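Engineer: Sharing a structure with you now.
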Amino acid sequence: MVKAANNYKNLRFERKFIYQNIDLQDLSELVFTNSFGFKEIFAKRKVNNIYFDDINYSFYHQNVSGTGKREKFRLRWYGDDFATIKDPTFEIKKKFGEVGDKISYKINGFNASLNDLTREDVCYLVSENIKNSSDGLRSKFNQLQPTLFNSYERKYYLSFCGKFRITLDFNQEFY
């Protein structure tokens, strides 16, 4: 069963920064000691993704060129074993200039091992699980293929006022 979590009603600003020459502990301390009163809101966890693109890598090229209106499609799940996909979420992230949003489709009961699947199997399983979406998603998705597999560990923080969130990603792996 697939259910969309929202309809682009939660537009938000998102900024990404690469920090070099500072270790994770020191960066975490900076988050805790600033005046916004950040607190850790989730336990550290491993995030796993499969990103999808068309044969021309259109989403990738839009991102690199800084196209103001763009999107990306991914399958995301959490767990220490990257190969074990359990109860993932299929997401469409949209960017509209300076703001972005996403629609999430929780795919309950989807359990598979990447060790036993081909790229075509992954596409088929996702396509079958989103076939009841009412927004033409399946036909668009069927033109895509897996292009990037990645995982990383993430720590989550929220400001005291609840308006700002920081995530720190580390131990990144790409396939």
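No lab work stands behind these numbers, since they all come straight from the coordinates. None of the values given here were measured: they were computed from a predicted structure. Here the Cβ positions follow ideal geometry from the backbone for every residue, glycine too, while neighbour counts run over all protein chains shown.
Engineer: Using the membrane-span-like helix rule (whole DSSP H runs, Cα extent along the own axis of at least 15 Å, mean Kyte-Doolittle hydropathy at least -1.0), which helices of the chain qualify?
Structural biologist: Result, helices passing both filters: 119-129.
Engineer: What does the charge count around Gly162 come to, taking other residues whose C-beta lies under 15 Å from its C-beta (Lys +1, Arg +1, Asp -1, Glu -1)?
Structural biologist: Cβ neighbours under 15 Å give a net charge of +3.
Engineer: Would you calculate, for the chain, the mean residue ellipticity at 222 nm contributed by helices, counting each DSSP H stretch of 4 or more residues as -39,500 (n - 2.57) and dividing by all residues, to the nearest 500?
Structural biologist: Mean residue ellipticity at 222 nm (helix-derived): -5500 deg cm²/dmol.
Engineer: Please find, in a Gaussian network model of the chain (springs between Cα atoms separated by less than 10 Å), the residue of Ile50, Ile92, Ile41 whose mean-square fluctuation is greatest.
Structural biologist: Fluctuation is largest for Ile41.
Engineer: In addition: Only Cα pairs within less than 10 Å get springs; with that Gaussian network setup on the chain, which residue of Asp53, Asp116, Asp23 has the largest fluctuation?
Structural biologist: Asp23
Engineer: Would you mind checking the pairs Lys94/Lys131; Lys72/Lys140; Lys39/Lys72; Lys106/Lys155 and listing those with alpha carbons more than 18 angstrom apart?
Structural biologist: With Cα atoms farther than 18 Å apart: Lys94/Lys131; Lys39/Lys72; Lys106/Lys155.
Engineer: Still on this structure, I have one more. Springs between alpha-carbon pairs under 10 angstrom, Gaussian network model over the chain: which of Thr118, Thr89, Thr147 fluctuates most?
Structural biologist: Between Thr118, Thr89, Thr147, it is Thr118 that shows the largest mean-square fluctuation.
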